[in-house]
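Before any comments, here is the structure.
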Amino acid sequence: MHEPIPDDQATDTSEAPLPELPDSIDDLLALGQRCLDEGNFAEAQRVFERACSLEPDNTSAHHNLGYALECQGAIDGAIAAYETVGQSPTPLAQSAFNLGVLLAQSGRNDEARQAFEQTLERAPTCARAWVNLGVLHVRVEQLEEARRCYEQALEADPTCLSARLKLANLLARENRWEEASAAYADLLEEGGNLAEVQYRQALVLAAQGHEEEAIQACEHALEVDSDHVLARVQLALLYTQRERYEQATETLQRAAEVSPEDARVQYNLGNMHGRQAVEGSTLVNYGYADAAMRAYRRAIEIDPQCFKAYYNLACVAEKISVQEGISAWEQYLNVARNNPTEQEWVVKARRYLRALKGD
């Protein structure tokens, strides 16, 4: 029989008390910085919260509190801390920049643009802020404004490869294929973000009809970064166009492993299976049809606004049975009927649905 542990030897299972914090603001800032350097972000948060309570106007304390919160994924708290710095008499450019990044990642593009503009008011030569501001202009199709921002980034820092890549992307977006290809080639020679540049070069080559060269560029991108999801998707599309279905399947399945919550991957996987399931208007392989429908449904689960997944799901489902087709077309119409970009497809869907119902 085990003997009882005397009270004075009993194990204390309660959490150890947190160490007391210094009362000096300088000591708190130094301690907080050490915690950040060590990656102890929770303790850094506690330290900087104490510093902010002692000196509410200390911008360094609020900035570092924001950074500690950001590193823990507490985005709303980090945004609030960075905003506090921006409203102080001595705002920091870095706080405004960090704020812009978080707002842009949250889809708050107008506020993000203002944050990057504030960054540049305080640090006009911050090339990263110019680049990010350019990206926001691209999101709203203000391409000339974006170009100006990228050029300003290069004026501030001629070594800014990110700005050069974005300028090359603009050339590709404008179908200036030869200029874009030359710009990407220059970047490759200089070793700038090789996987992304190879991927972009692949898009240009594919647009020009050079499919085999595009395949090679995607493969080179994946040699550099095997987790580059967009390169994998593009490579799978190219394999599919060349009827190399087994390689396409393998490539997309690997992309799904790398990025399981990416609706585009599942949508393209469904398309690839769908091509193998249907020839013309005839269902030739039930196994591939079932795989296609599973992939489309997964894409919809991830992104309920993936309209093309609903549409293509219905295209396959109606080959399985009339009832499944009716159900799938009705599902598509329920989600897409009021979307302006889907109206051409909505008209077709209604026609297909009427035909299935015998109306």
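The values are calculated or read from the model by the stated rules, or taken from the named source; none is laboratory data. This is a predicted model, so every value here is computed, not measured. Every residue, glycine as well, gets a Cβ built from its backbone with ideal geometry; the counts of neighbours run over all protein chains shown.
Say we look at the range 242-258 and pick out the residues that are polar (S, T, N, Q) and buried (at least 17 other Cβ atoms within 10 Å of the Cβ); which of these is nearest to the chain's Cα centre (by Cα)?
The first filter runs over the range 242-258 and keeps only residues polar (S, T, N, Q), leaving 247, 249, 251, 253.
From what is left, the residues that are buried (at least 17 other Cβ atoms within 10 Å of the Cβ) are 249, 251.
Working: Thr249: 23, Thr251: 20 Å.
The residue in question is Thr251.
With the requirement that a residue be within 11 Å of Ser60 (Cα to Cα) and out of contact with any helix residue (DSSP H, G or I) (no Cβ under 7 Å at 6 or more places or on another chain), what does the range 79-93 give you?
Residues satisfying the conditions do not exist here.
Determine whether Arg264 is closer than 21 Å to Arg244 by Cβ and either of a type outside the set (Val, Ile, Thr) or modelled with pLDDT under 95 (or both). Quick ask: steps written out before the conclusion?
Numbers: closer than 21 Å to Arg244 by Cβ: yes; either of a type outside the set (Val, Ile, Thr) or modelled with pLDDT under 95 (or both): yes.
Judged against the criteria, Arg264 is a match.
Test Glu196 against the criterion of being of a type in the set (D, E, K, R) and surrounded by 20 or more Cβ atoms within 10 Å (Cβ to Cβ), and give yes or no. So that I can check it myself, show each step before the final result.
Values: of a type in the set (D, E, K, R): yes; surrounded by 20 or more Cβ atoms within 10 Å (Cβ to Cβ): yes.
Yes: the conditions hold for Glu196.
Of all residues in the range 259-270, which are surrounded by 22 or more Cβ atoms within 10 Å (Cβ to Cβ) and in contact with a Lys or Arg (Cβ under 9 Å, 6 or more places away or on another chain)? So that I can check it myself, show each step before the final result.
Looking only at the range 259-270, we keep the residues that are surrounded by 22 or more Cβ atoms within 10 Å (Cβ to Cβ), and these are 265-270.
Result: Val265, Gln266, Tyr267, Leu269, Gly270.
When the range 204-216 is examined, which residues are found to be part of a helix (DSSP H, G or I) and out of contact with any His (no Cβ under 9 Å at 6 or more places or on another chain)?
Once the filter is applied, which keeps residues that are part of a helix (DSSP H, G or I) and out of contact with any His (no Cβ under 9 Å at 6 or more places or on another chain), the range 204-216 yields Leu205, Ala206, Ala207, Glu211, Glu212, Glu213, Ala214, Ile215, Gln216.
Which of the residues that make up the range 200-228 are closer than 24 Å to Glu174 by Cα and surrounded by fewer than 18 Cβ atoms within 10 Å (Cβ to Cβ)?
Across the range 200-228, the qualifying residues are Ala207, Gln208, Gly209, His210, Glu211, Glu212, Glu213, Gln216.
Only one of Thr240, Thr341, Thr251 is farther than 26 Å from Ala214 by Cα and either in contact (Cβ under 8 Å) with a residue 60 or more places away in the chain or of a type in the set (Ser, Thr, Tyr) (or both). Can you tell me which? Working first, answer last.
On the way: Thr240 fails: farther than 26 Å from Ala214 by Cα; Thr251 fails: farther than 26 Å from Ala214 by Cα.
Testing whether each residue is farther than 26 Å from Ala214 by Cα and either in contact (Cβ under 8 Å) with a residue 60 or more places away in the chain or of a type in the set (Ser, Thr, Tyr) (or both) leaves just Thr341.
Looking only at residues that are out of contact with any helix residue (DSSP H, G or I) (no Cβ under 8 Å at 6 or more places or on another chain) and not hydrophobic (A, V, I, L, M, F, W, C) in the range 161-185, which one is surrounded by the fewest Cβ atoms within 10 Å (Cβ to Cβ)? Spell out how you get there, then give the answer.
Restricting attention to the range 161-185, the residues satisfying the condition of being out of contact with any helix residue (DSSP H, G or I) (no Cβ under 8 Å at 6 or more places or on another chain) are 176, 178, 182.
Keeping just the survivors that are not hydrophobic (A, V, I, L, M, F, W, C) gives 176, 178.
Working: Arg176: 15, Glu178: 10.
The extreme case among them is Glu178.
Table: residues versus (1) in contact (Cβ under 8 Å) with a residue 60 or more places away in the chain; (2) buried (at least 22 other Cβ atoms within 10 Å of the Cβ); (3) more than 30 Å from Leu165 (Cα to Cα).
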position	(1), (2), (3)
Gly86	no, no, yes
Pro91	no, no, yes
Asn98	no, yes, no
Gln118	no, no, no
Thr125	no, no, no
Trp130	no, yes, no
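A quick yes/no check of all residues on (1) basic (Lys, Arg); (2) modelled with pLDDT of 95 or more; (3) out of contact with any Gly (no Cβ under 8 Å at 6 or more places or on another chain):
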| residue | (1), (2), (3) |
| --- | --- |
| Asn40 | no, yes, yes |
| Gln45 | no, yes, yes |
| Ala68 | no, yes, no |
| Val85 | no, yes, no |
| Thr90 | no, no, yes |
| Phe97 | no, yes, yes |
| Trp130 | no, yes, yes |
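Quick check on my filter: what residues within the range 122-152 are at positive phi and in contact with a Leu (Cβ under 7 Å, 6 or more places away or on another chain)? Please lay out each step first, then the result.
Pass one, the range 122-152, residues at positive phi: 141.
Passing the criteria: none in range.
So how many residues does the range 144-160 have that are surrounded by 16 or more Cβ atoms within 10 Å (Cβ to Cβ) and in a helix (DSSP H, G or I)?
Taking the range 144-160 first, the residues surrounded by 16 or more Cβ atoms within 10 Å (Cβ to Cβ) are 146-147, 149-150, 152-154, 156-157, 160.
If we keep only those that are in a helix (DSSP H, G or I) too, we end up with 146-147, 149-150, 152-154, 156.
Qualifying residue count for the region: 8.
Would it be correct to say that Ala163 is farther than 22 Å from Leu230 by Cα, among the small types (Gly, Ala, Ser) and modelled with pLDDT of 95 or more?
no
Mind checking which residues of the range 28-71 are assigned to a loop (DSSP other than H, G, I, E, B) and farther than 28 Å from Glu111 by Cα? First the steps, then the outcome.
Narrowing the range 28-71 to residues assigned to a loop (DSSP other than H, G, I, E, B): 38-40, 55-58.
Glu38, Gly39, Asn40, listed by residue number.
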